[in-house]
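Peer 1: Can you keep this structure in mind? I'll have questions shortly.
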Amino acid sequence: MKAVLITGAYGGMGYATAKLLRDKGYTVFALDLRVREGEENIIPIEADLTSEDSVRCALERVKAHTDSLDAIVHFAGIYMLDSLVEMETGAFDKIFDVNVRGVFLVNKLFLPLLKKGSRILITTSELAPLDPLPFTGIYAVTKGALDKYAYSLKMELQLLGIGVSVLRAGAVETGMLGVSTDALDKFCQKTELYSCNAERFKSIVERVEARCVPPEKIAKGSAKILSRRSPKFAYSINRNPLLLLLNALPKRMQLWAIKMVLKDKNKA
């Protein structure tokens, strides 16, 4: 029986993928900060990806069941919306620890369980290859860094016969959408430097997130990537046409358009 490790396994995308791969005959090691009761062929493993000791403990728990993995699928991540000059240092460190360092730790420590032909699939974001919007920059920066990390990892692990791909997902029907709305409201209430029109900024975020897809679509895409004999590096699901249109503009026009939308009309 094939075995797969899934991080963020009890979030929307992670759990949908865990169930689908279980149904396809995998033993799923479901790693998350908070886990549920075990199910048939889904083994919960509680771990904090920001702690190397915690990830090492997770490795030992997996090794108690198997000495090899066919795949590692990364869904663990957090969303943050804030000003790059107003956010607290602790928040800056946290999003990098979870979104980037956590992936690095899992891949580094679990590498001995991967064999020739194994796969690593990393969920980044549709924002990763695009120019970020204001105040979502910190999230986009971590996902862009993760994209670059994944490509560098692919360059190295191809020499060991291990494949690496990224899944650049757009908006998905998970709890993340509610988190982004709450984060936006909090930012507009607390910012002291930016008197942006909260409703205008909210309309941009809502348009980006309006075309969301169910997590089951991400699960099917993930399973398809893992089943490919020679998967390519990047796969995209549910790219937003408004973001693509904005990024098709010269950078000067992008900056002007955002400035016109968000500037304080009272100071015009």
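Peer 1: Are there any pairs with C-beta distances below 6 angstrom linking a residue in the stretch 120-131 that is within 27 Å of LEU109 (Cα to Cα) to a residue that is assigned to a loop (DSSP other than H, G, I, E, B), with the two at least 6 apart or on different chains, and if so which?
Peer 2: Going by the 6 Å Cβ cut-off, the qualifying pairs are THR123/PHE75.
Peer 1: Moving to a separate point now. How many residues, within the stretch 111-137, are closer than 21 Å to LEU242 by Cβ and among the aliphatic types (A, V, I, L, M)?
Peer 2: Total meeting the criteria: 4.
Peer 1: A further question follows. Exactly one condition in (1) part of a helix (DSSP H, G or I); (2) within 14 Å of ALA71 (Cβ to Cβ) is false for VAL164; which is it?
Peer 2: The failed condition is (1).
Peer 1: What tally of residues in the stretch 14-48 results from selecting those that are hydrophobic (A, V, I, L, M, F, W, C) and out of contact with any strand residue (DSSP E or B) (no Cβ under 6 Å at 6 or more places or on another chain)?
Peer 2: 3
Peer 1: If you don't mind, another one. Within the stretch 17-26, work out how many residues are hydrophobic (A, V, I, L, M, F, W, C) and open to solvent by 10 Å² or more (accessible area, probe 1.4 Å).
Peer 2: The number of residues fulfilling the criteria is 1.
Peer 1: Could you check how many residues of the stretch 187-203 are aliphatic (A, V, I, L, M) and at pLDDT 70 or above?
Peer 2: 1
Peer 1: Which condition breaks for LEU167 when tested against (1) crowded, with 20+ Cβ neighbours inside 10 Å; (2) modelled with pLDDT under 70?
Peer 2: (2)
Peer 1: I would also like to ask the following. From the residues in the stretch 240-262 that are loosely packed, with under 15 Cβ neighbours inside 10 Å and part of a loop (DSSP other than H, G, I, E, B), which one is modelled with the highest pLDDT?
Peer 2: Among them, the one singled out is PRO250.
The values are calculated or read from the model by the stated rules, or taken from the named source; none is laboratory data. Here the structure is a predicted model, which means the values were calculated and not measured. With ideal geometry, Cβ positions are generated from the backbone for all residues, glycine too; neighbour counts draw on all protein chains shown. When the accessible area is computed, the model is the full protein with side chains, heavy atoms only, and any ligands, DNA or RNA have been set aside. Shrake-Rupley method; radii C 1.70, N 1.55, O 1.52, S 1.80 Å.
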